[in-house]
Structure formats: C-alpha cells, structure tokens
Ligand SMILES: [Zn+2]
C-alpha cells in the first residue's frame, strides 16, 4: 500500500513557465481533502499580493500563507507538529538561499515537503535555491512546456523574458518587480528559440 504522506520526504516540481507546475502542485494538495493529512502551503510575498495560487488551465485554486522571501525561517511560526502534515512551497526560486536550511530542518522534523519552482532563470542559468533542492530531493517531477515561438511546437525547457516584445538582455535583473514601467512578458521556449542578447 502506498501512502501519500512520507515523513522526511522532499518532492520537487520543476519546469519552465507554462509547463503545468501550478496545476500539478494544486493537484497534490487538493487531493489531501480526501485524507486526514493537513496541507500548509507557503508563497513568497514578492510573487503576489493574493494569498491564493490559481491554475491557468482549470478553475482550481489553493489557499496559501504569504511569507517574506528573505526570511523563509518564518515558516516555523506556522508549523509545529509534523505528524501527517504536508508542507508546500510555491515559486520556491524566489526564496533566499536560506530556504535550503529551512527545508533541511523541516525534513529532519519528518515533514513531507513539496517544493515547486523554476530550475532556470530567464538566462537559462540556475535559479536561486532550486538546483540544490533538486539535488536533495527524493522525488523530482520535471515538466516541459510547448515552445511559444510561432510555428515551433518543440518541447520547451527554457523561460524567455520579453521586454516590450524583445528578448531581455543578459544583464537584466534576475527578478523584476511588477510596476517597473516596462512591458514584461514570459514565454516557454525551446533551446533554439531561447534568446538572451548580451549588451556587455
Ligand atoms: Zn522553439
């Protein structure tokens, strides 16, 4: 018999934008309502003002607790007994590197953790704590998207940042805050259509 709650277990869900990470993440926690396992989901405050994760492709959603991404240790204010508690982190790449230590401690305390996020940033380079967490994971769900370059249709592993419709420069900040006055958009792209120009 397989149990969905596994003590001290880390499951990472990775993939580019629009690869279905959110849908997969919501599915895992939505299924808990048929069990006596409690789900507690954290979202980095930088990501959204809305304490809810919504799927783009279904009308499913999940309530979350927003915490300061620079202080992931604040999760310990919200969790105590690990018995039958599954802890989720959405958009994990936005958390400070100290999330790795926080997750280590939660695993030592026998929590079952699901951490979803972008493995690579818009440049195609390792994004924050994600690669380390993938290395520590017991289970990895790796999703790909469909390249959005017109007519391509290949599998996409990259996230293309477009500013006013043009590929963003390599030296553009890793994280852009909304309301910066630029028209920022992200697309899933295959390697052939992932463009990162370098102005310097
Ligand atoms: Zn392509």
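Structure notes:
- Options 29, 76, 94: the member that is touching a residue at least 40 places away in the same chain (Cβ under 8 Å) and within 23 Å of residue 7 (Cα to Cα): 29
- Selection within segment 166-195 - farther than 26 Å from residue 45 by Cβ, surrounded by 14 or more Cβ atoms within 10 Å (Cβ to Cβ) and either within 16 Å of the ligand (Cβ to nearest atom) or in contact (Cβ under 8 Å) with a residue 60 or more places away in the chain (or both): 167, 189, 190, 193, 194, 195
- Segment 120-138, subset buried (at least 21 other Cβ atoms within 10 Å of the Cβ) and in contact with a strand residue (DSSP E or B) (Cβ under 6 Å, 6 or more places away or on another chain), residue nearest to residue 79 (Cα to Cα): 133
- Selection count where residues are touching a strand residue (DSSP E or B) at 6+ places or on another chain (Cβ under 9 Å) and near the ligand (Cβ under 10 Å from one of its atoms), scope segment 149-165: 8
- Conditions (1) surrounded by 17 or more Cβ atoms within 10 Å (Cβ to Cβ); (2) modelled with pLDDT under 90; (3) part of a helix (DSSP H, G or I): number failed by residue 33: (1)
The values are calculated or read from the model by the stated rules, or taken from the named source; none is laboratory data. What you are looking at is a predicted structure, and each value in this text was computed from that prediction instead of being measured. Because the Cβ atoms are built from the backbone with ideal geometry, glycine has one as well, and the counts that use them run over all protein chains shown.
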